[in-house]
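Just so it is clear, none of the values below were taken in a lab; they were calculated from the coordinates. The structure displayed is predicted, hence computed values, not measured ones. Note that we place each Cβ from the backbone using ideal geometry, even for glycine, and neighbour counts take in every protein chain shown.
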Amino acid sequence: MMDYPDPPFNPPQIFPEYTFSKEDLDPQNFVYEGVRELFHILELDIKNYGKANWNPLKGIIHPNQTVLIKPNFVISKHRKMGNKKIAIFSAITHGSVLRAIVDYAFLSVGKNGRIIIGDAPMLWEDFDKIMELNGINAMIQYLRDFGVPIETVDFRDHLLTFEGDLVKQKGDPSGYTVIDLKNSSEFRNVSEYYQNYRFPFYKSNEQVILHHNRRKNEYSIANTVLNSDCVISVAKLKTHRKAGVTLSLKNFVGITNMREWLPHHRLGAPPQGDECPVKCNKRSLVDITLDRLYSSKLLSRTSKIIFGERYLEIWSSLVNLLKKDDESSIEDGSWYLNDTTWRMVLDLNKILFYAGSDKKMHRTQQRKYMSIIDGIIAGEGEGPLESEPKKSGVLIGGFDPVATDTIAAKVIGVNPALIPTIKNTSSIKDYPLGTNSLSKIKVLSNISQLPNLYLRLPSGWKNVKIKN
């Protein structure tokens, strides 16, 4: 079983194509070898495998280009287990997986290209702390000594304080572009309910409604994403309360600086809402009242004085207590009939693939793409903020995000046809994202049959049958 090594994550042996120091090896780094073997299994540059000129990523990365490596860096502190590393590593992409990808990207892009590790964690999380916990700072310092053109970007241009205020920060040096998908958005069929759109844990419902309504469906995207020639998604293999699972497609929620524009659920019960199954009237009244109270800076600051740095965590618990009048424990659209999150996720993927560096949507794919999913330590249960670690030793890769997620869902132990983010890609006509048809997906593996991890799903997904 593979486990995560220590930074700077040097390989366990000198491979023929390895270009850095021949002395700094880590015999226990099986992750590096695992990523390398993943490229081999995918038959990348197969004719040169085992030779000094083996360059597995040359099909998607060319010299002097800009490569964006997009990990999942959602949190810097586990909601239940604090700074316990194995807990955090069940929720975020590990630096050792990124190191191997960076090395092979460097073989293609060269010293005159750019390799950027970029993401937008939750609004209140510490990006620098993630870099430190993950060993990425040490990795970058090591690689720069060998001329690797590597940099990191926190796509957020503002943070949320414990008082509920927004604080400006540098953000993407390249700036941002607002892209309106209009009627090409997956929200077009539910726009009559736009006043029910909600973003959780933040006083921003007016922002959601302002940017998603009957007239428009806007997303603010980091220009580093739009200016890239190739994007390598490095998602985490984990479960998710609103989406069921969070894999390659869900990973691209992190390309926006304006998370508060993103609808995550709709107030009320179906069909106008997807907050909870039935009898949501009282809950909705509580939600609306809390929305208004949360907008009060006086309440936010008072809560910080009373609760200290656990303000957000305790606030969330208090909200839950106020909602106990409902016979259902489901809240904020955290269940298998969430009809909102998948729409937002697929919209962002349309932009990723079809928005050009000219900031316009095109009918052809605008950049090369690869997906790698880090399942060395997977996350199960109430993810993404309360993921529980499960050592799994799995790496999954592909060039179609839908196909990759389809297989990853099966590895998790859930029927991909029951995951809305995967299932609903079939109905996309204008900006297709890939195939979820198992009969059309070619699966290559170093074992005879797909593993089934049987990851425990969030409580709101207990009605989804886990099967292969």
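Tabulated data for the structure shown
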| quantity | calculated |
| --- | --- |
| Unit charges at the beta carbon, dipole of segment 30-461: most positive-side option, HIS362, SER76, GLY171 | HIS362 |
| Where labels lie 7 Å past Cα in the beta-carbon direction, separation of ASP6 and THR364 in nm | 5.1 |
| Links that overshoot a 32 Å alpha carbon limit, given the list LYS51/LYS238; LYS22/LYS129; LYS129/LYS391 | LYS51/LYS238 |
| Too-long pairs where the Cα-Cα distance tops 24 Å, listed order kept, from LYS168/LYS350; LYS368/LYS429; LYS47/LYS368 | LYS168/LYS350 |
| Mean Cα-pair separation over length for segment 65-107, i.e. relative contact order, pairs under 8 Å, 6 or more apart, % | 38 |
| Extension reserve of the SER459-ASN55 stretch, reckoned as 0.36 nm per residue once the Cα distance is removed | 141.0 nm |
| Total charge dipole magnitude, segment 30-461, about the Cα centre, Cβ charges on Lys, Arg, Asp, Glu only, Debye to nearest 20 | 400 |
| Fraction of the pair-distance distribution of segment 353-468 above 18 Å, Cα-Cα pairs, percent | 57 |
| Calculated [θ] (222 nm, deg cm²/dmol) that DSSP helices of n ≥ 4 give over the chain, each run adding -39,500 (n - 2.57) | -7500 deg cm²/dmol |
| Length gained when the stretch ILE14-SER439 is fully extended (0.36 nm per residue, less Cα-Cα span) | 149.1 nm |
| Difference of contour (0.36 nm per residue) and Cα-Cα distance, HIS62 to ASN223 | 55.9 nm |
| Shape metrics for the chain, restricted to C-alpha atoms - Rg then Dmax, Å | 21.6, 67 |
| R0 of 45 Å, Cβ-Cβ distance HIS158-ARG188: FRET efficiency to nearest 0.05 | 0.95 |
| Built amide H within the under 5 Å cut-off of GLU382, gap 5+ | GLU388 |
| For the chain, with +1 on Lys and Arg beta carbons and -1 on Asp and Glu, the positive-most of GLY333, LEU143, ASN183 along the dipole | ASN183 |
